[in-house]
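Read the structure below first, then the notes.
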Amino acid sequence: MKKTIWAILAMIFFGCFQTATATALSVDEIVEKANIASYYAGPDGTADVNMVITDAQGRERTRKFRILRMTQEQGGPQKFYVYFFEPADVANMVFMVWKNVGADDDRWLYLPALDLVRRIAASDKRSSFVGSHFVYEDVSGRGIVADTHELVETADQYYKIKSTPKEEKGVEFKYYFLWVDKSNFIPVKAEYYNKADQLIRTVEALKVEMIDDYPTVTQSVATDLERGGKTTMNFSNVRYDIGLTEDIFTERYLRQAPTEWIK
């Protein structure tokens with residue numbers, strides 16, 4: 001009788017263990033899901049952004065702009081169009097990205113005061129985005145194949161992942177930690193460390209809301225712990241599945257904004 005009981009208990013235990021193992025996600029699967037949740041909600045989308053840049057002395061500057069995003073392939077190529085409304089010195093400026101997977105993104109910046117279209121070099125992807133504490137790469141996302149990933153902790157609510165660049169060139173950090181919400185795979189915090197293992201920068205999602213059935217970051221902040229200061233972005237009028245067309249994301253519309261989607 002005892003053998004029968006132990007046999008049943010063993011079957012239950014090992015059956016549950018095998019089921020849990022089979023359903024456990026690998027670190028690469030978690031990173032992929034986080035990337036999809038962050039940048040691939042719906043086939044396209046738009047949002048208005050109010051950016052507040054606070055320097056180390058507490059002085060504030062604002063930027064107001066609209067983001068248009070179109071996905072060509074889930075988890076694959078995308079196109080971004082960012083049009084600036086305010087302040088006057090950046091009004092009508094346009095930032096455009098063609099996101100390539102496994103290769104450098106194509107980036108353009110249109111400067112209306114000079115009537116100049118400037119290509120942004122791949123080496124500048126970690127540069128400041130329009131004077132803020134966010135970088136160009138934050139806007140369209142860092143390619144997940146650019147880093148090696150390690151799952152360092154699984155808590156009740158979050159996965160904690162350590163990501164290390166495969167190439168040191170072009171990045172200001174040695175590695176970073178990413179906290180991913182287990183319920184929706186939205187990354188809620190990133191911490192960047194330098195070669196001396198000092199924390200130099202953080203990016204946090206302060207508010208996440210469900211919009212059109214997609215978990216959406218509606219407030220985020222980037223903080224510079226080396227030089228001081230932070231930038232907060234508040235997202236409003238977020239919409240998905242709006243029917244953007246690919247011709248919007250061309251050099252023609254850098255100089256002449258697509259009125260239907262901007263005005």
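The values are calculated or read from the model by the stated rules, or taken from the named source; none is laboratory data. Only a predicted model underlies this, so the values are computations on that prediction, with no experimental measurement involved. No Cβ is skipped: glycine too gets one built from the backbone with ideal geometry, and neighbour counts run over all protein chains shown.
Here are some notes:
- Tally, over region 190-213, of residues that are in a strand (DSSP E or B) and either in contact (Cβ under 8 Å) with a residue 24 or more places away in the chain or under 15 Å from the mean Cα position of the chain (by Cα) (or both): 14
- Hits in region 131-170 - residues which are modelled with pLDDT under 90 and aliphatic (A, V, I, L, M): 139
- Conditions (1) in contact (Cβ under 8 Å) with a residue 60 or more places away in the chain; (2) under 26 Å from residue 133 (Cα atoms); (3) in a loop (DSSP other than H, G, I, E, B); number of the one not met by residue 170: (1)
- One residue stands out among those in region 217-261 that are of a type in the set (Lys, Arg) and either at pLDDT 95 or above or surrounded by fewer than 13 Cβ atoms within 10 Å (Cβ to Cβ) (or both): the one that is nearest to residue 93 (Cα to Cα), which is 252.
- Region 224-242, residues that are assigned to a strand (DSSP E or B) and of a type in the set (Lys, Arg): 230, 239
- Every residue from region 120-167 that is part of a strand (DSSP E or B) and closer than 20 Å to residue 66 by Cα: 120, 128, 135
- Where residue 185 falls short, out of the listed (1) in a loop (DSSP other than H, G, I, E, B); (2) buried (at least 19 other Cβ atoms within 10 Å of the Cβ); (3) without any contact (Cβ under 8 Å) to a residue 60 or more places away in the chain: (3)
- Residue within region 85-94 that is under 19 Å from the mean Cα position of the chain (by Cα), of a type outside the set (A, V, I, L, M), part of a loop (DSSP other than H, G, I, E, B) and on the phi > 0 side of the Ramachandran plot present: no
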